[in-house]
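Student: Just dropping this structure here.
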There are 2 protein chains.
Amino acid sequence: MKPVPAGDLSSAKAQPLGVRSLSMALRAEIEKMILHGGMPMGERLNENYFAEKFQVSRGPVREAFRALVEAGLVEFVPNRGVFVRQVSLDQAIAAYEVRAALFSMAGRLAARRRRKEEIIRLRGLVHDMDEAIEKRGGEGYYQLNLDLHATVMEAARNERLAATYQGLVKELHLFRAKNLDRMDHARVSNIEHAAMVEAIVDGDEVRAYETHFDHVMNARERVIEAYEDIA
Amino acid sequence: MKPVPAGDLSSAKAQPLGVRSLSMALRAEIEKMILHGGMPMGERLNENYFAEKFQVSRGPVREAFRALVEAGLVEFVPNRGVFVRQVSLDQAIAAYEVRAALFSMAGRLAARRRRKEEIIRLRGLVHDMDEAIEKRGGEGYYQLNLDLHATVMEAARNERLAATYQGLVKELHLFRAKNLDRMDHARVSNIEHAAMVEAIVDGDEVRAYETHFDHVMNARERVIEAYEDIA
DNA sequence: GATCTGTAGATCGTTGACAATCTGACTTCC
DNA sequence: GGAAGTCAGATTGTCAACGATCTACAGATC
């Protein structure tokens, strides 16, 4: 009955766009393409291209773009379109400082609000990362590192903080030198992790703040160094 | 000479919406209405209403809404529309903690990067606020307070930090108890300001962090108290 | 040979129309 | 009298088309 085109969206594209509104689903899909798919920085996002790719009109695509602009993943130029955002070293440095602010607060709150199971999990992660470095040549370290940071955020029990932090980390993915935090630093980094976790375990807010703050600011320094190597 | 179109838009529309794209201008305008105009919390924003009000089609209005959703000022419900966001006490508390993280970082960076003229300005503001309290019954205190916070942010010299902070402050405007930070606390508050400024002047990063952190967290406590009075 | 000008193609900005969905009130039935 | 079903009106979701703007390239001018 309905004048729906022969092949329906979800199956035709074989894309699990979800049940949300079309533009919300598109936003998530395009975001994934930018972050994981690896679209070149500065690349222009063509509205017609995405409209055809997902078999929708340009309206929802445009709405998805607006949301991505606000999220800081793309830049908008009137009458030109949107472009995958270029993140300069200076901007990355600034973002690391914001990250330090947020993450050190998370550590501080985690020290105040931690629960027994989180303490166990945190200590376990530090131990696993040690083993990943010493016994498996760094295999699996990256994921464990993400887990550790996520667990600290969880222990802080502040969703607003977690959401802001997440948005910032996404943005930092756009920085081309993101992968410069090499395995050389894993040992040093994990010593910092241990100090962070013990401060949380002790419930020492000030020490938790300091250790978490230093951890991110040290990462900031390493990024600067690494960048200068390739520049 | 460039082929300038006969009838140019800006005058034809006779709308001082600015030179940016239509949806960007709408976003700013609607945001102003929500924050200053005082739209009731939970109010639904009707697309047709805004389209007619600004003499545009619904497309740009919808795009403006998407941006406001991402900014956290309105909530989106599929097939229902967008609503002015309701901010609960719990959410406000969480937001104050994020604010403490950002502002204490600003204080810390300001202590590191301050310039002579900013020192003069900061001390002047604290002095003016004292006079506003003692000699003018609080007249002008509110604006001076905003100026002080803005000056600290400026001295921190981190645009990303400032932008994140600004977005958060906007969101806190949606909290109905926002005006509960009454003049009773101005004296205490300004003593805190003095401590903050002196820490920045001394270039003492740790003390700057602590004083700024405490200042926001104390404000958080006062909001909780005030909320309980009216609840 | 370099710069400027004009045109063509492509892309964005906006609009108005139509389909899908929801809200709220009225009717009907138990 | 209260609960469930039904229907009209209003609102949102999506689309296709038109007008405006920009980029790039070819040709003319100095």
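What follows draws every value from the coordinates through simple rules; no lab data is involved. Fair warning: this is a prediction, and the values are worked out from it, not measured in the lab. Counting neighbours? That spans all protein chains shown, and the Cβs are built from the backbone with ideal geometry, glycine included.
Student: Take chain A, mark every one of the trypsin sites (Lys or Arg not before Pro) that falls in a DSSP loop and has at most 15 other Cβ within 10 Å, then report the longest stretch left between them, sites excluded.
Tutor: A:116-181
Student: What are the ³J(HN,Hα) values, in whole Hz, obtained from phi via the Karplus relation 6.51 cos²θ - 1.76 cosθ + 1.60 with θ = phi - 60°, for each residue of segment A:79-94 in sequence order, with x given for Gly and Pro?
Tutor: Values, residue by residue: 6, 10, x, 10, 10, 4, 5, 8, 10, 7, 4, 4, 5, 5, 4, 4 Hz.
Student: Where the label is 7 Å out from Cα toward Cβ, how close does A:Val206 come to the same position in every other copy, in nm, shortest first?
Tutor: 0.8
Student: While we're looking at this one, here's another question. May I ask you to evaluate 6.51 cos²θ - 1.76 cosθ + 1.60, the Karplus curve with θ = phi - 60°, for each residue of segment B:163-174 and list the ³J(HN,Hα) values in order in whole Hz, giving x for glycine and proline?
Tutor: 5, 4, 4, 4, x, 5, 4, 4, 4, 5, 4, 6
Student: Oh, and also: When the Kirkwood radius is taken over all Cα pairs of segment B:18-84, what Stokes-Einstein diffusion coefficient follows at 4 °C and 1.567 mPa s, in µm²/s?
Tutor: Estimated via Stokes-Einstein, D reaches 110 µm²/s.
Student: Tabulate in residue order the Karplus-calculated ³J(HN,Hα) for segment B:38-48, using 6.51 cos²θ - 1.76 cosθ + 1.60 with θ = phi - 60°, rounded to whole Hz; enter x for Gly and Pro.
Tutor: Coupling constants for segment B:38-48: x, 6, x, 4, x, 4, 7, 9, 7, 4, 4 Hz.
Student: State whether segment B:61-158 is rounded, prolate or oblate according to the following rule on the C-alpha gyration tensor (a ≥ b ≥ c being the square roots of its eigenvalues): a/c under 1.5 gives rounded; otherwise a/b larger than b/c gives prolate, and the remaining case gives oblate. Write out the running numbers ahead of the final one.
Tutor: Numbers: a/c = 2.65, a/b = 1.89, b/c = 1.40.
Taking the square roots of the gyration eigenvalues as a ≥ b ≥ c, segment B:61-158 is prolate.
Student: Could you check how many percent of all C-alpha pairs in the protein assembly as shown are farther apart than 30 Å?
Tutor: Value for the protein assembly as shown: 54 percent of Cα pairs lie more than 30 Å apart.
Student: Find the eigenvalues of the gyration tensor of the Cα atoms of segment B:89-230, then list the square roots of 5 times those eigenvalues as equivalent ellipsoid semi-axes, largest first, in whole angstrom. Display every interim value, and only then the final one.
Tutor: Working: eigenvalues 106, 72, 32 Å².
In descending order the semi-axes read 23, 19, 13 Å.
Student: Note down the relative contact order for chain A as a percent, whole number, built from C-alpha pairs under 8 angstrom at least six residues apart.
Tutor: Relative contact order for chain A comes out at 23 percent.
Student: Per residue of A:64-77, count partner chain C-beta atoms within 10 Å of its C-beta, then hand back the mean as an integer.
Tutor: 4
Student: Compute the helix-to-body angle for B:205-230: its Cα long axis versus the longest principal axis of chain B, expressed 0 to 90° and rounded to tens.
Tutor: Helix B:205-230 sits at roughly 70 degrees to that axis.
Student: Between the label point of A:Asp147 and that of the same position in each other copy, find the distances and list them shortest first in nm, with every label point placed 7 Å from Cα along the Cα-to-C-beta direction.
Tutor: Relative to the other copies, A:Asp147 has label-point distances of 5.4 nm.
Student: Can you list, shortest first in nanometers, how far A:His127 lies from the same residue in the other copies, with each label 7 Å from Cα toward Cβ?
Tutor: 6.1
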